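Here is the structure we will look at.
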Amino acid sequence: MREGKIDFFWFSGTGNTLKVVEAMAGVFRSAGREVQLKPLTAGVPSDLAPVLGLAFPVACQGTYPPVWDFCRKLPQGEGREVFMVDTLAAFSGGIVGPLGRFLRRRGYILLGAAEIVMPNNFLVKPSPEEKLRSLRDAGENSARAFARALLEGKASWGRGIPLASILLGLVSRLSLTWRMMARMGRRLGIDPEKCTRCGLCVRLCPSANIVLKELPVFGNSCIQCQRCLMLCPAGAVTVKGKPLVRYRAVTAEDMLRAEAKAGGNS
């Protein structure tokens, strides 16, 4: 990894990716590197650093639309270095290879890619907090090891199985996929007895899918990031006809505070 500032762009659903980003940033800073953590949803700045990091959760075998939208808006790399890290419960197959090819064609130098196993955001049954914490700790340790490998020039960016990764990568980039996700989002509802009308769900939503009226109202652009469901401090967001097991790695306030630090070095 070349010298100079690192712009580390991130998107996180229920906080797994944010925890990984903070763990990696700690290693970079301990090595004397200047790191700026910037939410992907803030857009592409005009003055990019010599080294870029991209961090996001896996979704639909690839990743969420805001991540791909951000990458498409990146300028030509002109020799800038880039690394990526994603968080997942089990398997992706459709992001490491496709994103690597996309960035290489744009003139970026690929430093390395890592996929970090973290707790599943879509838990079907309650899991002991001790087990979840252990899995998060292991994931953060893997993230730190990846950061050290990047600093030492020992990381790599795999290609996956080329044809399979291309096909799987298409899944998360198809508009049909996200129209289906939006239809699933129409099952979201609000428990009026629990809702405090704080508006946190509106501020957290990356697709501007929630409007606060008498109660929060959901639109037709849900991407199933799980933020409103899992980060609502009152547990007021529900899924119609489905029992919900809540999981979050950070609080709503933690997420908003991290997003507000765009451009900061702390």
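The values are calculated or read from the model by the stated rules, or taken from the named source; none is laboratory data. This structure is a prediction, so every number in the text was calculated from the model and none was measured. Using ideal geometry, Cβ is built from the backbone for each residue, glycine included, and neighbour counts are taken over all protein chains shown. Note: areas computed on protein heavy atoms with side chains; ligands, DNA, RNA excluded. Shrake-Rupley method; radii C 1.70, N 1.55, O 1.52, S 1.80 Å.
Scanning region 39-82 for residues that are under 17 Å from residue 13 (Cβ atoms) and open to solvent by 20 Å² or more (accessible area, probe 1.4 Å) gives 41, 42, 58, 60, 61, 65, 66, 69. Of the conditions (1) within 30 Å of residue 75 (Cβ to Cβ); (2) in contact with a Lys or Arg (Cβ under 8 Å, 6 or more places away or on another chain); (3) assigned to a helix (DSSP H, G or I), residue 110 fails just one. Which one is it? Residue 110 satisfies all of (1) within 30 Å of residue 75 (Cβ to Cβ); (2) in contact with a Lys or Arg (Cβ under 8 Å, 6 or more places away or on another chain); (3) assigned to a helix (DSSP H, G or I) except (3). Can you run down the residue pairs with Cβ atoms below 8 Å, 6 or more apart or on separate chains, where the first is in region 5-16 and under 24 Å from residue 81 (Cα atoms) and without any contact (Cβ under 8 Å) to a residue 60 or more places away in the chain and the partner is open to solvent by 10 Å² or more (accessible area, probe 1.4 Å) and acidic (Asp, Glu)? These pairs meet every condition: 5/34; 6/34.
Where strands (runs of 3 or more DSSP E) fall wholly inside region 194-266, the ranges with 1 or more residues that are touching a Leu at 6+ places or on another chain (Cβ under 7 Å) are 216-218, 237-239. Does region 134-159 hold any residues that are open to solvent by 60 Å² or more (accessible area, probe 1.4 Å) and at pLDDT below 95, and which are they? Of everything in region 134-159, just one residue is open to solvent by 60 Å² or more (accessible area, probe 1.4 Å) and at pLDDT below 95, namely 159. How many residues are within 23 Å of residue 22 (Cα to Cα) and either assigned to a helix (DSSP H, G or I) or touching a Ser or Thr at 6+ places or on another chain (Cβ under 8 Å) (or both) when one looks only at region 70-84? Residues that pass the stated criteria total 2.
So which residues in region 160-176 are open to solvent by 60 Å² or more (accessible area, probe 1.4 Å) and in a helix (DSSP H, G or I), if there are any at all? Correct list: 163, 166, 167, 170, 175, 176.
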